[in-house]
Amino acid sequence: MTTSDFEDLVPDVMLNAVERATGRRMTGMAHPLPSYINRVYEVEANDGERLIAKFYRPERWSKEALQDEHDFVLACQAAEISVIAPIVLPDGNTLYEDNGIYFTLFPKRFGRKFEANQDKDWGRIGSLLGRIHSVGAQTIAPSRTNLHPAESTETHIVHLLDNGIVTPQHEDAFEEITNSILDLIDDLFDDAEFIRIHGDCHGGNLLDRPSEGIMIIDFDDMMMGPPVQDLWMLLPDQADKCRREFNLILKGYEQFREFDNNTFRLIEPLRAMRIIYFLAWCSRQINDYRFRTLYPDWGSDAFWQTEIADLTHQRNIIREHL
């Protein structure tokens, strides 16, 4: 299955694949849900049960990497953490392959975006992450990204430069600023603990379900990395301006797991790594019609001038905190 075939994944093809995987008849409902990387549909079985069918984009993750994600989420579910775990299919697996595309099914769950409005809310977030990281530390995810700048971030930089994503006018400046950031931060990660983490833990991935508390969703970018990665993206501002919120998170977190306070210094380096990661992530969507429609100026000279200025600003913040 090529990326071109994947773009042409039509509802009838998808529904037939779901029926073969589940052994259940589906109605004709196939409601597409927002997703640039994968193809995600809400479907309905003949008995009225709603399911979410997620078809993974070819060549992004290997079968082993997808299984690492599923194993982590299932382990969280077994620990009674509120997650949306993949459905175990009749063959005993959570992954199904049809015509070269891997896909999985999830139960449909509702919830509203969680808002941290009170001190206790930050503590609840910390408790959730402490429990998730306690599970994450139990084993490794050998086929997943290792969130070390010398590995993941350097790979993203090479991808952007070698594939002509950065416009010629800005290639040298982009290479200079990104290599400068790597030189500053590389050694900071050498002694950090690396465990299985969510990896994309922002507020949009936390749902409030009155009967279950906070639910964390979308483990698509789960990785091996320092636990602090799952904390800093939830803060409302730069880390040094949010020590109060951070300490409230830690109060909840350390009810379940000890936190290495030395890794607080990794937050601003991780922010720079996130910027570079997101550039690489977007670059892989530039041929997607929906992406081009929403972001017509992505990748222009003006775009790269702004990104280089943002990275330069972030490098200066890192220098201030070293």
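No value in this document is a laboratory result; all are computed from the given coordinates. None of these values were measured; they are calculated from a predicted model. Don't worry about glycine lacking a Cβ; one is built from the backbone with ideal geometry, like all the others, and counts go over all protein chains shown.
Scanning residues 5 or more positions from residue 89 or on other chains, those with amide H under 5 Å from its amide H are 94, with H placed 1.01 Å from N in the peptide plane.
For residue 238, neighbours were defined as the other residues whose beta-carbon sits under 11 Å from its Cβ, and their charges (Lys and Arg +1, Asp and Glu -1) total -1. In terms of the mean number of neighbouring beta-carbon atoms within 10 Å, the peptides 193-199, 170-176, 82-88, 209-215 order highest first as 193-199, 82-88, 170-176, 209-215. Ranked by the mean number of other Cβ atoms within 10 Å of their residues, highest first, the peptides 221-229, 102-110, 178-186 fall in the order 221-229, 178-186, 102-110. A protection proxy built from the mean count of other Cβ atoms within 10 Å ranks the segments 69-80, 265-276, 306-317, most packed first, as 265-276, 69-80, 306-317.
Taking a sphere under 12 Å around the Cβ of residue 130 and counting the other residues whose Cβ falls inside, with K and R at +1 and D and E at -1, yields a net charge of +1. Report, by chain and number, residues whose modeled amide H sits under 5 Å from the one on residue 165, excluding near sequence neighbours (fewer than 5 apart, same chain). Result for residue 165 returns nothing. Note on residue 12 and residue 187: the model spin-label points, each 7 Å out from Cα along the C-beta direction, lie 6.3 nm apart.
Computed from point charges on the beta carbon alone (+1 for Lys and Arg, -1 for Asp and Glu), the dipole magnitude for region 176-233 about its Cα centre is near 360 Debye.
Simple rule: put +1 on each Lys or Arg Cβ and -1 on each Asp or Glu Cβ in the chain, find the dipole, and look at 317, 224, 234; the Cα lying farthest toward the positive end is 234.
The chymotrypsin sites (Phe, Trp or Tyr not before Pro) of region 6-46 meeting both criteria, a DSSP state outside H, G, I, E and B (loop) and at most 16 other C-beta atoms within 10 angstrom of the site's C-beta, are 36.
For region 126-189 versus region 10-64, the inter-centroid distance based on Cα atoms is 31 Å. Extension gain for the segment residue 262 to residue 79, taken as residue separation times 0.36 nm less the Cα-Cα distance, is 63.1 nm to one decimal.
With viscosity set to 0.692 mPa s at 37 °C, what whole-number translational diffusion coefficient in µm²/s follows for the chain from Stokes-Einstein and a Kirkwood radius over Cα pairs?
Diffusion coefficient, whole number: 155 µm²/s.
Computed from phi, the 3J(HN,Hα) profile of region 83-94 under the Karplus parametrisation 6.51, -1.76, 1.60 (θ = phi - 60°) reads 9, 9, 8, x, 6, 6, 7, x, 7, x, 10, 9 Hz, with x in place of Gly and Pro. Projecting the Cα positions of 165, 289, 185 onto the charge dipole of region 119-321 (unit charges on Cβ atoms of Lys, Arg, Asp and Glu, taken about the Cα centre) puts 289 furthest along the positive direction. Annotation: the antiparallel percentage among DSSP beta bridges lying fully within the chain is about 95. Between rounded, prolate and oblate, where does region 3-109 land on the alpha carbon gyration tensor, with a ≥ b ≥ c its root eigenvalues, rounded for a/c under 1.5, else prolate if a/b exceeds b/c? Cα axes put region 3-109 in the oblate bin.
For the chain, the residue among 201, 23, 155 whose Cα projects farthest onto the positive side of the dipole built from Cβ charges is 23.
Placing +1 on the Cβ of every Lys and Arg and -1 on the Cβ of every Asp and Glu, with no other charges, gives the chain a dipole of roughly 1240 debye about its Cα centre.
What the phi angles of region 209-221 give under the Karplus curve with 6.51, -1.76 and 1.60, with θ = phi - 60°, is a coupling list of 10, x, 7, 10, x, 7, 10, 9, 10, 6, 8, 4, 9 Hz, glycine and proline written as x.
Please report Rg over Rh for region 175-322, where both radii come from the alpha carbon positions and Rh follows the Kirkwood definition. Walk me through the intermediate numbers first.
Values: Rg = 17.0 Å, Rh = 17.2 Å.
Taking Rh as the inverse mean 1/r over Cα pairs, Rg/Rh reads 0.99.
Could you tally the net charge around residue 140, taking each other residue with its Cβ under 9 Å from the Cβ of residue 140, Lys/Arg +1 and Asp/Glu -1? Around residue 140, the charge tally is +1.
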